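Heads up: the structure comes next, in structure tokens.
Just so it is clear, none of the values below were taken in a lab; they were calculated from the coordinates. What you see is a predicted model, and the numbers here were worked out from it, not measured in a lab. Methodologically, a virtual Cβ is constructed for each residue, glycine included, from the backbone with ideal geometry; neighbour enumeration extends over all protein chains shown.
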Amino acid sequence: MQREELNAETAKILWKELEKFFANGTTIYVSPDLDLIDVALEVCHDNKVQMEQWMAEKKVGQVSDAQAIEWLETDATVWSVVVKPLVLVQPLKVQPLKSIDS
């Protein structure tokens, strides 16, 4: 798969709509520090060395039960992209509010 294809398939989605994928163990957490498309490309290319490095750094891995509960309780929206059979999910980056000058 190419970057453009993956980018076109990336979407914001409510976490609760991904619960069935979490239940069967196919949701993969991607840290906001990483580019979701870069990670998806590495999965597509089966780059085990890079994936193992990110996993060791806790930047990529199975979505934890605690994270899934938090996202469910807060009705969170996440970025997602499917790289069959996996669904990569990434928390939305929170943008700081800009102050309004009087």
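Annotations for the structure displayed:
- Kirkwood hydrodynamic radius of the chain, from inverse mean 1/r over distinct Cα pairs, in Å: 14.3 Å
- Taking the average, over residues, of other Cβ atoms within 10 Å as the packing measure, peptides 37-44, 71-78 rank 37-44, 71-78 from highest down.
- Descending Cα extents along the principal axes, segment 43-87, whole Å: 34, 22, 14
- Residue-averaged 222 nm ellipticity for the chain, from DSSP H runs of 4+ at -39500 (n - 2.57), nearest 500: -10000 deg cm²/dmol
- Cut-off 12 Å between beta-carbons: net charge of the residues surrounding CYS44, Lys and Arg +1, Asp and Glu -1: -3
- Cα-centre dipole for the chain with unit charges at Cβ (Lys and Arg positive, Asp and Glu negative), debye to 20: 60 debye
- Fraction of antiparallel bridges per DSSP, segment 3-87 only, in percent to nearest 5: 90 percent
- Taking a straight Cα-Cα cut-off under 27 Å and skipping sequence neighbours fewer than 8 places away in the same chain, the lysines within cross-link reach of LYS58 are LYS12, LYS16, LYS20, LYS48, LYS84, LYS93.
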